[in-house]
Amino acid sequence: MEFTPVLIAGGGPVGMTLAVDLAQKGVRSILVERNRTTTVHPKMDITNSRSMELFRKAGLANALRAAAVEENNPFDVSWITSLSGYELHRFRYPSVVEHRATIRSLNDGSQPREPAMRVSQVEIEPVLKRAIDAHDKVDVRFGAEFREFWQDADGVTATVRDTVTGSDDEIRCTYLIGCDGGGSRVRDGAGLTLSGDARIMPRFMTHFHSNARALLQRWGVTWHYQSATGTLIAQNDRDIWTLQSRFPGGHIDDKVDPHALLTKWAGCEFEHDILVANPWSPHLLVADEYRRGHVLIAGDAAHQYIPTGGYGMNTGIGDAFDLGWKLAAVLHGFGGPGLLASYETERRPVGLRNRMASKAHTDVRIQIGALYQAPLDTDEGARQAAARSIREIGNVENESWAIEHGYIYAGSPIVAEEPSADISPSLTDYRPTTRPGARLPSLFLEDGRAIYDLLGPWFTLLALNGSDPSLLAAAAAKFKVPLEVLQIDDANALAVYAARLILVRPDHHVAWRGNVAGGPDAADAVMRRALGW
């Protein structure tokens, strides 16, 4: 029987990201994935700016962007009658290049460190696979199917089957992490349940190749062209596309012809080759618990959403970076028993909030879809009225900055408590704050350096404008936790951060803030809490 500290079931983006993060923190893992190759299904088509901040910290941002859509191309979303008809209204969003300029010029904490990235999961997974293949602390086993497990007081024993030979192997681990998707065997085996709404408005996915750009980008380069019956996603702005057809009546004919779907949606015939086509049903589900003993779940095993808003994989990336450092700290011995307990406390409220947002965005699409009951292709007045209504209803799903960056781990047992515990209910209004539990706002210093690029791999203590970091540094040394002290003399940073000492976790979130440490005992208490003791 083999032994590994961490066994990761599932080799999608979340499982592979977790493996990278653990390896970079010195923890060995075995990752098993039943498929022999990375996915051929497009699934997600955006990596949001919060995920890109985390990927930047992991050293993966540049490699991922090399596989993504051209950085000069916009993120526009356009509502149309059909590709042969009329464009009703276009929501314009900047390219990566344009957003980078805004990030650099608007240095008030309101901007992310990284712009979002348009990329298909088909393209992102090979990049992550190369990253884990390059780490000697990750034993990567594609073509190995997770079967079942037994848990005891000290860990987990799992059975994994070779999909080629059919032979079974047993693997012993201290922690088993289920990143094995919506049908998670790990979740079901642990007795963890899901709550919410399943099988909401069935879809049919048609992933295809076509060089008919004059038609498929008729009104210019556009990320999404949308109508009442579906969304056309430009996967690379050249020749790979995905049509997600919606069936508001709740029924898909068993004999759906994807070629006919494409022709009907475009309003004319055009040359294309189908790559993948299949029906599927989205869900709005979140696990009631994220942990049972030595077993934890992340990604789609823990939460499943309608694609509106792009919260599926991106929420899972947040799970991976929250869980990775906590597992590593516990396995290295300086993380306390409360550290893993905080994973569910922190991430499940995010899962629930994102489920709510996904539903709200879907309701907006349904509201706009109702406008298509008018004769839009034949009545100019109806088209103008629909265009006005679409503009007024808006496109919040691509403007929900508070969902992406404003989540705060309020009530977490490992962040300091503060009386100002209110969290903005807004989906769009991100308010920079360093209150404990919040993501540290991203800033550039006067010398041009980005604070995010100066943070250490573990904990970082920001000491602003001559503040004394010695007490907290001594407390960190006592608990043997890696801590980097970052001395900053910057008036803008002090104004935005509103505290002279800020303890930042490995996932960019604030563990504690204050102007003085308050003495050795108080400094010890800060570190004890942050480490789950």
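Values quoted throughout were computed directly from the atomic coordinates according to the rules given, and no laboratory measurement underlies them. What you are looking at is a predicted structure, and each value in this text was computed from that prediction instead of being measured. Reconstructed Cβ throughout: ideal geometry from the backbone, glycine too, with neighbour counts over all protein chains shown.
Odds and ends about this structure:
- Ranked by the mean number of other Cβ atoms within 10 Å of their residues, highest first, the peptides 447-459, 231-243 fall in the order 231-243, 447-459.
- Gyration tensor (alpha-carbon) shape descriptor, segment 1-138, a/c threshold 1.5: oblate
- Percent antiparallel among DSSP beta bridges (both partners in the chain, rounded to 5): 70
- Cβ-defined net charge surrounding residue 458, 10 Å radius [Lys, Arg +1; Asp, Glu -1]: +1
- Projected onto its three principal axes, the C-alpha set of segment 415-530 covers 42, 34, 23 Å, listed from the longest axis down.
- Percent RCO, i.e. relative contact order, over segment 415-530, from Cα pairs under 8 Å lying at least 6 residues apart: 32
- In the chain, the DSSP-assigned H stretches of four residues or longer account for a calculated mean residue ellipticity at 222 nm of -9500 deg cm²/dmol, using -39500 (n - 2.57) per stretch and the full residue count as denominator.
- Scalar couplings 3J(HN,Hα) for segment 480-490, obtained by applying the Karplus form with A = 6.51, B = -1.76, C = 1.60 to θ = phi - 60°, are 6, 9, x, 9, 10, 9, 10, 7, 10, 10, 8 Hz; x denotes Gly and Pro.
- nm² value of the averaged projected area, convex hull over the Cα atoms of the chain: 25.0
- Packing-based ranking of 98-105, 76-83, 299-306 yields 299-306, 76-83, 98-105, ordered from highest to lowest mean Cβ neighbour count within 10 Å.
- Normalised by the number of residues in segment 226-322, the mean separation of alpha-carbon contacts (under 8 Å, six or more apart) gives a relative contact order of 15 percent.
- Cβ crowding within 10 Å, taken as a proxy for footprinting-reagent exposure, orders 505, 28 from fewest neighbours to most as 28, 505.
- Here the calculated FRET efficiency for residue 533 and residue 93, from their Cβ-Cβ distance with R0 = 56 Å, stands at 0.80, rounded to the nearest 0.05.
- Euclidean distance of C-alpha centroids, segment 91-159 and segment 364-434, integer Å: 25
- Packing-based ranking of 393-405, 514-526, 363-375 yields 393-405, 514-526, 363-375, ordered from highest to lowest mean Cβ neighbour count within 10 Å.
- Value of relative contact order over the chain, rounded to a whole percent, pairs C-alpha under 8 Å and six or more apart: 15
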